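A.B. asks: Shown below is the structure under consideration.
The values are calculated or read from the model by the stated rules, or taken from the named source; none is laboratory data. Just so it is clear, the model here is predicted, and its values are computed rather than measured. Every residue, glycine among them, receives a Cβ derived from its backbone with ideal geometry; neighbour counts consider all protein chains shown.
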Amino acid sequence: MTHDVFNQVPPLTGHDVSSDAALLDGLAREGADWAAGELRQLGVLAGSARAQEWGRLANEHPPTLRTHDRYGNRIDEVEFHPAWHELMGVAVENGLHAAPWTSARPGAHVARAAKFYVWSQVEAGHGCPISMTYASVAALRHSPALTAEWEAALASRSYDFGLRPPHEKRGLLAGMAMTEKQGGSDVRANTTTADPLSDGSYAITGHKWFNSAPMCDVFLVLAQAPGGLSCFLLPRVLPDGTRNAMRLMRLKDKLGNRSNASAEVEYERAVAYLVGEEGRGVRTILEMVNMTRLDCVIGSAAGMRYGVTQAAHHTRHRRVFGKALIDQPLMRNVLADLALESEAATTLMMRLAGATDRSIAGDAAEGVFRRTALAAAKYWVCKRAPAHAAESLECLGGNGYVEESQMPRLFRESPLNGIWEGSGNVAALDLMRALTREHDAAEAFFTEVELADDRRVKEAAARVRATLASSGESGARRVAEEMTVLLQASLLVRHAPAAVSDAFCASRLGGDWGHAFGTLPDGLDLEALIERC
């Protein structure tokens, strides 16, 4: 050996991922402190070397499509590394997929959001089928008969992988298939057809350009019925054990999200069941989309927390120019800024989870607030994630650019939530539709914001009102950005330590802030921000 190895950073393992002040404060504030013990237990597992190895293996051994068996029979199976099943098993056992729907306990959706945030920091890809199963229940509730038949199995805490008749399985997972080659986000351009059958079911014929998690048991599918674009529940295996006529054509070769399968599919008179009413497919599927959009915000917040945690760990152990990297003034500014963005995202995420919980329980005012705040947050928090991931990676220098650090995986994953469930333009325009079509939407938002008795927030709220009054469709992104930052500022003023809210207001509201992370103005308590990493 030619040299001694020193000044290398030890792996970040053996810690509690849920040890996150913004997360735990939000858990209590939004009515789910009863879940703190379960969250801590999951956090310890998430921080273990064993769980992190599952995440690595699931990404280094992506799923494989087997269209036919050795005899030439069509099977359309997706094979996964055992690590994927370990990740899925933990997620399902902890109720991340659908448990809140079977609980009457206040805060159930908040608890689930916190767990999803913690477990997503192990590996993000497997969150896709977990999120869609969670969201599918909201859509299914448009059809009481389908709810009675499918909800219990979807909410089961037993992970039971494999293609078998649904009634023979201990638990089910759901996916969705909306977009087509010619339409993308414009689902009204879909050409897939749904022909009514004599037994009340429908025969689906057509294709889907992007079928998320094609190995699931059932899917929500959009198709053109006689009454217009409609939503359907399509099982992969029929009650008699035969495979439904859903063909997996190929798996997508994606930038990130490598552990999860995404497919192009074709249907040849596949059997499906109407969800809701004919012609109201978009309205029905939006129930699912609003839930998965919440998970987009949660996933982006989780990625930010993972990134800044890794950056802080590296800089605490790495020495340059005679002292720890974290003690270098400019690096301290970068870390504090990353921590600030992460905390703002986490605090907003928990507020949205609380609004979701209360609106589902029947709180109409929370439902109106959630409608606008979720669309704005989906745009901005997901938009901030790639820049945050890039800066976090850079804190590790060349080491961060190497796959073994897991930071490249974070970086590749970071744009996904900005695209999934509607890219930036779609989310921003959805916000504008809510603000213009629902007369009380804007006031519900500003009523929430102005709960902060703070001059900086009130002045910013006046500026945002002016932006909103003068903005048309082309200004939708600016509106979404300004509304989200304003809401984050209000929440931090009300709920975070003064060092956090002062730094956020000084940089994000006051304009004394550069375009890159690490440009916080002088005079702020950076140490207090870094300590929260």
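A.B. asks: A177 versus (1) of a type in the set (G, A, S); (2) under 24 Å from P226 (Cβ atoms); (3) modelled with pLDDT of 95 or more; (4) under 23 Å from the mean Cα position of the chain (by Cα): which is the lone unmet condition?
C.D. replies: (3)
A.B. asks: Can you find even one residue in the range 340-349 that is at pLDDT 95 or above, part of a helix (DSSP H, G or I), over 14 Å from G26 (Cβ atoms) and outside the structural domain of A104 (by TED's automatic domain parsing)?
C.D. replies: Within the range 340-349, one or more residues are at pLDDT 95 or above, part of a helix (DSSP H, G or I), over 14 Å from G26 (Cβ atoms) and outside the structural domain of A104 (by TED's automatic domain parsing).
A.B. asks: Considering only residues of the range 186-213 that are loosely packed, with under 15 Cβ neighbours inside 10 Å and at pLDDT below 95, which is nearest to I419 (Cα to Cα)?
C.D. replies: D186
A.B. asks: From V426, V402, grab the single residue that is closer than 25 Å to R477 by Cβ and either surrounded by fewer than 24 Cβ atoms within 10 Å (Cβ to Cβ) or more than 19 Å from the chain's Cα centre (by Cα) (or both).
C.D. replies: V426
A.B. asks: While we're here: Sort out which residues of the range 1-23 are under 21 Å from the mean Cα position of the chain (by Cα) and farther than 16 Å from S120 by Cα, and write them in order of number.
C.D. replies: A21, A22
Results for (1) in contact with a helix residue (DSSP H, G or I) (Cβ under 6 Å, 6 or more places away or on another chain); (2) closer than 30 Å to L429 by Cβ; (3) surrounded by fewer than 18 Cβ atoms within 10 Å (Cβ to Cβ), shown as yes or no for each residue.
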{"residue": "A461", "(1), (2), (3)": "yes, yes, no"}
{"residue": "S470", "(1), (2), (3)": "no, yes, yes"}
{"residue": "E482", "(1), (2), (3)": "yes, yes, no"}
{"residue": "L486", "(1), (2), (3)": "yes, yes, no"}
{"residue": "D502", "(1), (2), (3)": "no, no, no"}
{"residue": "G510", "(1), (2), (3)": "no, yes, yes"}
{"residue": "H515", "(1), (2), (3)": "no, yes, yes"}
{"residue": "E531", "(1), (2), (3)": "no, no, yes"}
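A.B. asks: Within the range 467-485, count every residue that is closer than 18 Å to G510 by Cα and of a type in the set (S, T, N, Q).
C.D. replies: Total meeting the criteria: 2.
A.B. asks: Is the range 409-418 home to any residue that is touching a Phe, Trp or Tyr at 6+ places or on another chain (Cβ under 7 Å) and farther than 20 Å from L255 by Cβ?
C.D. replies: No - not one qualifying residue is present in the range 409-418.
A.B. asks: Moving to a separate point now. Across the range 218-248, what is the number of residues that are within 21 Å of V78 (Cα to Cα) and either among the β-branched types (V, I, T) or part of a strand (DSSP E or B) (or both)?
C.D. replies: 13
A.B. asks: Now, a different point. Within the range 249-259, can one find any residue that is among the charged types (D, E, K, R), in contact with a His (Cβ under 6 Å, 6 or more places away or on another chain) and either surrounded by 20 or more Cβ atoms within 10 Å (Cβ to Cβ) or in a strand (DSSP E or B) (or both)?
C.D. replies: Checked the range 249-259: no residue is among the charged types (D, E, K, R), in contact with a His (Cβ under 6 Å, 6 or more places away or on another chain) and either surrounded by 20 or more Cβ atoms within 10 Å (Cβ to Cβ) or in a strand (DSSP E or B) (or both).
A.B. asks: If you don't mind, there's one more thing I want to ask. Out of all the residues in the range 434-443, is one or more of a type in the set (K, R) and within 25 Å of M304 (Cα to Cα)?
C.D. replies: No, every residue in the range 434-443 fails to be of a type in the set (K, R) and within 25 Å of M304 (Cα to Cα).
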